[in-house]
Amino acid sequence: MSQDKPAPATDIPSQTFEKFLLQLQKDGISEDVIRNLRTVIGNGDLSEASIRAALLGEYEDL
Amino acid sequence: MIRVEKITIREFRGIRDLAIDFRTKNFAICGPNGTGKSGVVDALEFGLTGGISRLSGKGTKEISIAEHAPHVDSMKRPDKAKVTLSLYIPSLKKSVQIERTVSQRQTPAISDKDPKVLAILRQVADHPEFSLSRRELIQYILSTPGDRAKEVQALLRLDAIESMRAVLLKISNASKRAVEPLKKEQQIAKDNLLRALDITQLQKEKTLAVVNAKREVLGLPPLAEITPTTSFKDGLAAVKPGDAPTVPKIQALSDIERLKEVLDEVNNEESKAKCEQIVQDLEALKDNPHIAENALKENLLRSALAMVEDKACPVCDTQWEPEHLKEHINGKLAELKDTSAKRNAIEVLLKPHIDCLIESRDALAAVARYGAKFKPPIDATAANDFMNEINRRIKVIGAFVPVADTIVVVKEITVVPVNVQTLIEKIEAAISAIPDPTKQDAAREYLTVAQERLDTFRGVSRRLKKAEEQATLAKTAFDCYIKVSTGVLDGIYKSVAKEFGELYSYINSDDEKEFTAKLTPSYGRLGFDVDFYGRGFFPPGAYHSEGHQDGMGLCLYLALMKHLMSDGFMFAVLDDVLMSVDTGHRREVCKLLKEKFPDTQFILTTHDPIWLKHMNTVGLIAPTDHLHFRQWDVDHGPTDWDSRDVWQEIEDMLRRNDVPNAAGTLRRYLEFFSKEACHSLRAPVVFRGDAQYQLGELMPAAIGQFRKHLRAGKAAAQSWGNDADEAKVSAYEESFAKLATASNVDQWQINAAIHYNEWANLKAGDFRPVVQAFRDLLATFVCAKDGCGAIYVTPDAANLEAIRCGCGSINFNLKKK
């Protein structure tokens, strides 16, 4: 059996989200979008409406 | 996190009043089905979390903890249904008591308010997965990849990762879908603009040339450049408020010309010929009910496919992963491929006609609007009716079935009503009658209409650009998330799969020492394939036996828990989880739990006493750390042989003159006791494949073996010249012989069935001596010292060395000099 003692997995989702935001930054996504996403994710709000607003901005009346 | 010292259960589930001292050690509860084992499991879960898994989830809609957790006689008194737990917290070196009633299940009374203690108890309450039943265990193994992903991710607290993936996919799909209609809208706006400019290509030089020519007529300076804010009519005086709307003659005639062209496309000879061919194809399908029915099914499936977004079927609300549901629907559509192929071929032929209808409808609407600008307005009823008719035709053709209706529409698709043609002629005549505009008026109208259409084109282009940017951003975010989350999940699952493989091969080291497994995450699914004797990787249910699958479920659970809680995995309840595992592997499972999880306190339940023996002999549980439930009734709850005074109970029955029950209880107790005695004394019993040993086989075997050991003890003492021991053994032997004779038990070897069946026919007074005789006999199998327990031989395998008790008061050497 492996002698490794893996870290508790309870914070893996937040670690994953942070990696996601860093990768978005590397992919050239604007700081505003990343800041907005970090705020909603940090608030634990993973609803479609909030993520959409953070990612794409509010729907604009063009 | 915690270990359990004690539990007290009152008026909870099937239990009236029960206290168990776990001593923070591994502990087993054994008993036939329906004797209350799972009630203890429920109480442990309830005490620690306030929830009961068995009363929630699938198939428990009508059941609630508030109503059904109390004992059935205390349904209206949830305050009486109470579980009290004494816990030990190793990290704080503290004991704490938690008391929870069903009426106040969210607010337990906790004896220690230290924030550290409360934090640990909250953490425990957040992990109800410490309790595992076989039903839960097997779903890790045999569920679909989608369901397995849900179960495993829920256990590993990874659900949020999957939720985010689903949300980002939904946003990406919606953003992509928003682009296409805007592209069509932009194309129409562009065509209208080109017609207004009277050019065929939207190029800057050509546009500037035609616009500046008109501006020159009006004495306006030429435009040097076209920027996003350029206005063709820059400098042109605005229309005064109150001016009647005018019909731009040249543009209106151009639009009428375009309408005529489109209508000609609708009903020219070539179009008619094509429609006749389509009608023939449709006629060939019309009388085939199978095709008609399949076409209806196909419509339903196509509609469902278009509506799949959420994690549920749009028709019946069954939970699905969107990708799986789409895959499922596409599979159903594939089954209709013959119908689909014929239908698709016809729909390809119909598409240009539908496009033409749409274009003619929009062109007719524009012309009808010109008619409304005349005084008095030209009645456009015919145009409106025809536009409605066009919409109807499009709808019928789109539905395809009933095929007969589609045939009717296709037959008349080329028909343009006479009154529409008359209306168009009337509007055209009215427009033609407008005096030709002066060169300046024509230029003014040109610039005004062109600017209106440019504004429309710019607006839709901005929206399209925005939509395309959003679609690109949403796709980038989704792709990025998939890359990151797949990397994370891959890492976790590789580690869990490795741990799982090692645990499983440990319990199957006899024939699957090289066993490995693969957990493969992909888009909301978790594939699980295991090695089958080096022949390749297959789903666990493909070739492995049910017993092996049980073992896999336990090992996967243990690997997941180890990953989830690491050193905090200190407590687990395994509720009858390994019922299919065979005898040989049970020992290995016990060894696995004991050796690989030495810091975890396991509470195990089993209906199989042999399993209990394995736990004992392997040392997973200490000899006294178990309960053996014998029966359950609604008035008393579970009762066990060890903790209740069975002799008092029998006497109570006899006082009530209830001899049949007293006889039954004595018989069951003798069965239980003699089985234990056979085990402790290594007594040979005729083997039964079904392990259903009878009292007549067990009790004589135990007595005979005890006699044999006492004789051997006496002979050994003689060989060593140990007179004192010889005397002790002889006295024990003599006393034992008398008691055995008194119980008349020897006669059972002649007819094992008779005696204890006849007991039920005795009078209470006649049965009491029988009870007393057995009570005295059984007492000789147990050390007289309080709390010591049964006499047993050592070792439990190979050559015998001694017969003794736990405290050493009885210790007879069996080895001769």
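Here, each number is a calculation from the coordinates, and none is a lab measurement. Only a predicted model underlies this, so the values are computations on that prediction, with no experimental measurement involved. All Cβ positions, even for glycine, are placed from backbone atoms using ideal geometry, and neighbour counts span all protein chains on display.
At a glance:
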{"quantity": "Net lengthening on full extension, B:Ala724/B:Ser111 (0.36 nm per residue, minus Cα-Cα)", "calculated": "215.2 nm"}
{"quantity": "3J(HN,Hα) from dihedral phi, region B:349-354, Karplus parametrisation 6.51/-1.76/1.60, rounded to Hz, x for glycine, proline", "calculated": "5, 6, 4, x, 5, 5"}
{"quantity": "Spatial separation of Cα centroids for region B:679-699 and region B:536-569, in angstrom", "calculated": "34"}
{"quantity": "Amide H within-cut-off set for B:His628, under 5 Å, with H built and near neighbours excluded", "calculated": "B:Cys30, B:Trp641, B:Asp642"}
{"quantity": "B:Glu269/B:Thr381 FRET efficiency (R0 35 Å; Cβ-Cβ; nearest 0.05)", "calculated": "0.75"}
{"quantity": "For region B:38-92, convex hull volume per residue from C-alpha positions, Å³", "calculated": "102"}
{"quantity": "Approximate spin-label separation A:Ser14-B:Phe374, in nm, with each point projected 7 Å along Cα-to-Cβ", "calculated": "7.4"}
{"quantity": "Long-range tail of P(r) for region B:159-244 (Cα pairs > 23 Å, %)", "calculated": "51"}
{"quantity": "Rounded FRET efficiency, nearest 0.05, which uses the C-beta distance separating B:Glu347 from B:Ala237 and R0 of 41 Å", "calculated": "0.20"}
{"quantity": "Hits among lysines - C-alpha to C-alpha of B:Lys373 under 19 Å, sequence gap 8 or more where chains match", "calculated": "B:Lys240, B:Lys249, B:Lys426"}
{"quantity": "Karplus 3J(HN,Hα) series, Hz, for region A:22-31 with 6.51 cos²θ - 1.76 cosθ + 1.60 (x for Gly, Pro)", "calculated": "5, 5, 4, 4, 4, 7, x, 6, 4, 4"}
{"quantity": "Alpha-carbon Rg with Dmax, taken over region B:645-800, Å", "calculated": "16.7, 54"}
{"quantity": "Anchor B:Lys116: lysines whose Cα lies under 24 Å away (excluding residues fewer than 8 positions away in-chain)", "calculated": "A:Lys5, B:Lys6, B:Lys25, B:Lys93, B:Lys94, B:Lys562"}
{"quantity": "Relative contact order (percent, whole number), chain B, Cα cutoff 8 Å, 6+ residue spacing", "calculated": "16"}
{"quantity": "Neighbour cut-off at most 15 other Cβ (10 Å), DSSP loop, trypsin sites (Lys or Arg not before Pro), region B:1-68", "calculated": "B:Lys58, B:Lys61"}
{"quantity": "20 Å binning of all Cα-Cα separations within the protein assembly as shown, expressed as whole percents from 0 upward", "calculated": "11, 28, 25, 17, 12, 6, 2, 0"}
{"quantity": "Spatially close lysines, pair count over region B:438-551: Cα under 18 Å, gap of eight or more or interchain", "calculated": "7"}
{"quantity": "Equivalent ellipsoid semi-axes, chain B, via Cα gyration tensor eigenvalues times 5, rooted, Å", "calculated": "90, 29, 25"}
{"quantity": "Volume per residue that the Cα convex hull of region B:486-538 spans, once the total is divided by residue count, Å³", "calculated": "65"}
{"quantity": "Helical mean residue ellipticity (222 nm; -39500 (n - 2.57) per DSSP H run of 4+; nearest 500) of chain B", "calculated": "-19500 deg cm²/dmol"}
{"quantity": "Loop sites in region B:202-239: GluC sites (Glu not before Pro), DSSP, at most 16 other Cβ within 10 Å", "calculated": "B:Glu225"}
{"quantity": "Debye log10 I(q)/I(0) for region B:460-577, one point scatterer per Cα, at q = 0.10, 0.14, 0.16, 0.21 Å⁻¹", "calculated": "-0.44, -0.68, -0.82, -1.19"}
{"quantity": "Antiparallel DSSP beta bridges within the protein assembly as shown, as percent of all bridges there, nearest 5", "calculated": "75"}
{"quantity": "Label-to-label distance, nm, for residues given as B:Ile199 and B:Glu276 (7 Å Cα→Cβ offset)", "calculated": "4.4"}
{"quantity": "Difference of contour (0.36 nm per residue) and Cα-Cα distance, B:Asp17 to B:Ala797", "calculated": "276.9 nm"}
{"quantity": "Using θ = phi - 60° and Karplus 6.51 cos²θ - 1.76 cosθ + 1.60, couplings along region B:259-272 (whole Hz; Gly, Pro as x)", "calculated": "4, 4, 4, 5, 5, 5, 4, 5, 10, 6, 5, 4, 5, 4"}
{"quantity": "Cβ-based net charge around B:Phe706, under 12 Å, with every Lys or Arg adding one and every Asp or Glu removing one", "calculated": "+3"}
{"quantity": "Computed lengthening from B:Arg667 to B:Lys763, 0.36 nm per intervening residue step minus Cα-Cα distance", "calculated": "32.9 nm"}
{"quantity": "q = 0.21 Å⁻¹: log10 I(q)/I(0) that the Debye formula gives for region B:528-626, counting C-alpha atoms only", "calculated": "-1.14"}
